[in-house]
Each structure stands twice: as structure tokens, then as C-alpha cells.
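Trainee: Right, I'll just put the structure down here and ask away after.
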Amino acid sequence: YVDTSDISSVPNPIYSQALDVVDEDADIWNYVYVANFAPPDLTSHRPLLVKLSPNNPPTNPFDPIWAKYLTVSTAAGDPLPELVMEAKDVHYVKSFDEYIICGKITNSLEYNGSFLILTNAAGNPTTSKLYRGITDLRSVVANHDGRKGYVAVGVSKSGAAAFLSVDASLDVVCAQELNGEFDTSDTVSSEFNKVIQYRSNQFAMAGATTKDRNNCEVADTNVLVAIMKKNCAIKRKGHYGSSPYLDTSQNPPINVSVNEIGMALVERKRPGGRGLFITGITRKAPLCDTTAKPIFEDILVFRLKRQPNFLVAWMHHFDVDNAVSIRLYL
């Protein structure tokens with residue numbers, strides 16, 4: 001790693017990816033974010049980890065405390081300037097005062113795959129691992145039983161949604177591929193985009209699953225949701241969304257496809273149930289017409305009730321540009 005004392009002097013753009021709260025002090029909350037940028041001495045991207053102060057005083061909110069960018073090299077210490085390293089998520093682990101980062105590595109036949117990097121409280125790497133069977137890790141979270149270990153999700157090399165459980169050394173405990181439950185599909189591809197701790201000993205994931213991607217008449221993408229344990233046991237999985245249909249609200253009526261992708265989720269902890277709120281994106285367009293303007297391309301929000309059986313309580317979409325909103329009871 002290289003300690004950059006003044007990241008404002010870096011000439012290349014910085015693309016932020018994820019933010020987490022650093023609640024190391026009960027009274028003062030700092031923040032940490034992970035981004036990607038190309039250092040001046042390289043042409044490919046590297047992860048940048050930045051710790052920020054609280055959002056006060058008003059004259060200087062979120063002042064950087066430190067910033068570190070992470071580099072890679074071979075076992076012999078040789079640099080790999082051509083290798084592209086993209087961070088996707090960062091999670092602060094309060095019980096051990098450390099950060100865990102996930103992402104993917106590309107542009108290298110030997111090192112392609114996904115990665116996890118564990119750092120200490122100062123942002124200095126302590127452990128890192130490459131996972132060649134998973135092409136992209138997009139979200140990571142710590143175990144919630146007080147023991148060191150982590151769960152990350154993304155996309156496997158075979159194109160399925162990937163669940164990865166690792167121990168304190170980032171060695172694999174188990175890994176699992178998941179898809180949706182399309183009954184008549186010839187080909188299915190899936191992805192997980194977000195994982196959270198769920199209840200006392202489980203994890204909840206949201207993403208997407210697509211059937212028959214290359215056949216526009218029947219292709220369909222729905223939100224994929226799963227509940228799993230750190231030993232890769234699947235407690236629940238399913239997908240939610242609309243299939244292609246004849247839209248009689250159009251004049252004249254036309255066949256349309258409606259695709260939904262889950263991007264984030266949070267547990268509902270109010271009295272009355274421990275369901276999930278899920279957000280994402282949804283797109284409705286004329287079937288098999290790649291030149292037509294979409295009927296809508298909106299934000300998706302819905303709630304799943306834990307009982308009975310994670311059924312949809314409600315599902316809405318809204319368009320910020322057209323000032324169409326919905327009322328949420330969170």
C-alpha cells in the first residue's frame with residue numbers, strides 16, 4: 001500500500017463505490033469509503049480506502065483523516081501494472097476495529113477473479129486472498145456471532161449468483177452457487193448485489209436472475225432474494241417480478257417485457273415481523289424492440305413479509321424525474 005497524505009493532488013478521477021459508518025466511539029461517528037482510481041504511476045485502477053471525520057463542524061464536514069490506496073504484486077515482489085483491481089464494497093467490523101474490502105481483478109490471465117482484503121484500523125492491509133472461481137464479489141459483511149469471519153456475495157465464474165463464507169484468515173469455509181426457480185428455462189444466469197446480516201445468525205441477499213437471455217420473446221429478469229447461513233445452508237430463495245405480457249393499457253396493445261434487479265435491502269425490525277425492504281431498478285419496454293424508447297425505467301421498492309413465506313406485501317416503482325412518488329411505511 002501507499003499512504004497518500006493529500007488525495008486532492010491525484011490528477012486522475014476517483015470513483016467512489018461504497019460507504020460505511022465507523023462507530024468506534026459511541027458519541028462520534030466517523031465514516032469510511034472505498035473508491036477506485038488510477039495512481040499516477042499506473043494506467044489501471046486500484047482501490048482507495050478513505051476514513052472521514054464526522055459531518056461537523058459545518059465549515060469542514062467529512063474531513064479526511066487518512067487515505068490509502070492498495071497495490072498488488074507477485075510473490076517475488078514484482079509489480080503488476082496491467083492488472084485492473086476494482087473495489088466494490090467496504091464494511092467496518094466494530095468488534096475487531098478493522099475493515100474488509102471486496103471486489104474483482106481483471107485484465108490478467110493468471111490473476112483473474114475476485115478478492116477480499118482485510119485491513120487494520122489504520123487502513124493497512126493485514127490479509128488478502130484471490131478467489132478464481134468467483135469473477136466478482138460485490139458486497140461483504142462480517143459474521144454476527146462475535147467470531148472472526150466474513151460473508152461476501154457476487155457472481156461465480158459459471159454465471160450464477162455466488163455466496164462465499166470465509167474464516168478469519170480469509171480461507172474458504174464454503175461457497176455456494178444459486179439461481180432462480182424458472183421452470184421452463186434453457187439457460188439461467190444470476191447475480192447477488194448486496195448482503196446484510198439477518199436475524200441473529202443468518203444472511204439476506206438481493207440481486208437478479210435472468211432466464212433465456214438470448215431469446216427476446218421469453219427472456220425475463222427478476223429480483224433474486226435468498227436467506228442463508230454462514231455454513232452455506234439455504235434457508236429460503238425465490239425471485240420476484242413480472243413476466244412478459246400483453247399490455248392492454250397501451251394504444252394499441254403491445255407485448256412488453258418488465259425486468260427487475262435488486263440492488264440493496266434492509267431488515268424490517270418493527271414489531272409484527274422480520275421481513276425485508278428491497279430496492280433496485282425496473283425497466284418496462286416493448287418486447288423484442290431494441291430501438292424503442294422504454295415505457296419506464298424507474299426505481300423499484302418492495303417489501304417482503306417473513307410470515308407467511310416471504311410473500312410480497314407491496315411493490316412499487318417511481319420516477320424521480322417526473323416527480324412521481326410513493327408513500328413508504330418503514
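Trainee: Taking amide H positions as placed 1.01 Å from N in the peptide plane, with prolines and chain starts having none, which residues 5 or more places from T135, or on another chain, fall under 5 Å of its amide H?
Mentor: Close amide H contacts, sequence-distant or interchain: V155, S156, K157.
Trainee: A further question follows. May I ask you to list the trypsin sites (Lys or Arg not before Pro) in segment 111-188 that are in a DSSP loop and have at most 13 other Cβ atoms within 10 Å of their Cβ? Write out the running numbers ahead of the final one.
Mentor: Working: sites: K129, R132, R138, R147, K148, K157; in loops: R132, R147, K148, K157.
Listed in order of number, the matching sites are R132, R147.
Trainee: Can you spot the lysines whose alpha carbon is less than 20 Å from K235's alpha carbon? Ignore those fewer than 8 places along the same chain.
Mentor: By straight Cα distance, K235 reaches K194, K269, K305.
Trainee: Residues of segment 208-250 with the amide nitrogen closer than 17 Å to a label point 7 Å from the Cα of T187, along Cα-to-Cβ, please.
Mentor: Hits in segment 208-250 for T187 at 17 Å: 209-222.
Trainee: Quick one, which of (1) 29; (2) 46; (3) 33 is the actual percent of Cα pairs over 33 Å apart calculated for this model?
Mentor: Among (1) 29; (2) 46; (3) 33, the one derived from this structure is (3).
Trainee: With label points built 7 Å along Cα→Cβ from the Cα atoms of V93 and E267, find their separation and express it in nm.
Mentor: Distance between label points: 1.8 nm.
Trainee: Looking only at S139, S16, S190, which one moves most when the chain is put into a Gaussian network model with springs between Cα atoms under 10 Å?
Mentor: Among S139, S16, S190, the largest GNM mean-square fluctuation belongs to S16.
Every read-out reported here was derived from the displayed coordinates using simple, explicitly stated rules and does not represent laboratory data. Being a predicted model, the structure only gives us computed values, none of them experimental. Because the Cβ atoms are built from the backbone with ideal geometry, glycine has one as well, and the counts that use them run over all protein chains shown.
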